[in-house]
Every structure is written in structure tokens, then in C-alpha cells.
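Remarks on the structure that follows.
The values are calculated or read from the model by the stated rules, or taken from the named source; none is laboratory data. Please read all numbers here as calculations on a predicted model, not as lab measurements. Note that we place each Cβ from the backbone using ideal geometry, even for glycine, and neighbour counts take in every protein chain shown.
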Amino acid sequence: MVEDHPHRPNLHNLLRERLPQLGLDADMYGPYIWGDEDDQVEDERDDDELSEVVLGVLQASSETHSDDDDVWVNLIEDIKKANNLDAELRRQEREKHLQETKTKMEEDLARAKLEEQEQIVEEEKKKSSQVDDEQKRILMQRYGYDKIEDEDTGSGFGANSSGAKAKKASAAAVTTTATNNKDAAKAAYAEKSREMRNAQKSTKAEERKKTKEQKNSKAALKEARRKRAQKGERKA
């Protein structure tokens, strides 16, 4: 019994049915048409070769229809139709395979992009967390520990109580400030700016004082020279 050919099912079904009707064994004469199972599907026989095989081999080997030319001409036409149907099936199978491959590639690409985006977001979160921790550390040093140390410099129960209160107050202040890092950073920047402006004002005041002192000294020297000159004139 002829087994179905995976790439030429229509041709196999046709020959399985028709060859025995024409007095031929399908297992023996079928391969003349469909070739070996391992043959490339694309290597189908052309019209001339198909006619030569059917009319020259199959018709000549038939014990029942060797003299009926019309039967074999019809068989050739049916074989061509079966080949066309099988070719269409193979084309659809190739398109399906290509579409599946394309879909898989698109899914892999989308998955890779998603993983890349998730990695970027995770890295940004990590950086943001590091910045927040650093800001909290700076705020703790600036607004917490310094005040606590100042309060702890006292002695006795009152001093310790004040220090504890200062610690709690400082911790509360740090907690409150840490909830809004931007505001805290702006406040720290504003304070630093005020310190710099105050320093600049102090420096300018000192410079003006020095300039005034120099002017006064020059005026005093000038007055002294004038007085000496007057005394010399009187002596003369």
C-alpha cells in the first residue's frame, strides 16, 4: 500500500486510486511519477518528461489499458492538477513558516526592548536612591548631629535631658525635611548663598575701612608736611 507523501498528498492520493484501475501496482509504478521520498520537491517533472513517463512507461506496462490513449492523456492532466494543488499547499506552508518566524522575531525584539527599558528604569531608581541617601546623610550631618553635639556639651541631668530633646527634635526635623529633598536642597543652597553674600559684605566693609584709614593717614601726613613748611617759613 502506498504511504502518503508529506509534500505531495494530492498526487499520492490520485495515483493510489488510478494506477490500480489501469492495471498497475502503485508501489511499483508510483515512484516513476513522484520520484523517491528524498527527492527535492521542486524537481517536479516538466510536461515533456511527464508525458514520456506516462505514455512510455506506464501505458506500455499496463495489461488492461495499453491501447487506450485517452485514458493516459486524462491521467497526465489529472497529475498536473494534483501537482498544482500540492504546489499551492507547499506555498501556503512556506508562507506560514515565514510568518511564524517573523512573528517570533518581532516578539523576541519586543521582549528585548522591554527588558532593556526595565533595566534602564531599575538603574535610574538605583541612582535616585543613592542620591536620596546621600542627601539624607548630608542633611543629617548638617541639621542633626551638629545640633545634638552642641546640646550634649552641657553637664548634669538638665543637659542630658536637653540633649535627648535635641536629638528627638533633630531626628524629627530630619525626617520631615527628608520627605521633600528638593525643598531641603533649595534651603541649603539659599543658606549657603546667604553665607557667601554676608562674607562678601564683610570683606567689602573691611576694604572700605582700610581705604578710609589710608585716606586719613595720607591727609594727616599732608597736614604734617604743611605745618613743617609753615614753621620753616616763620624761622626764615
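At a glance:
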| quantity | calculated |
| --- | --- |
| Selection from the stretch 103-153 of residues that are within 26 Å of Glu191 (Cβ to Cβ) and either assigned to a loop (DSSP other than H, G, I, E, B) or modelled with pLDDT of 85 or more (or both) | Thr153 |
| When residues of the stretch 40-85 are limited to those that are more than 18 Å from Leu14 (Cα to Cα) and surrounded by 14 or more Cβ atoms within 10 Å (Cβ to Cβ), the one modelled with the highest pLDDT | Ser61 |
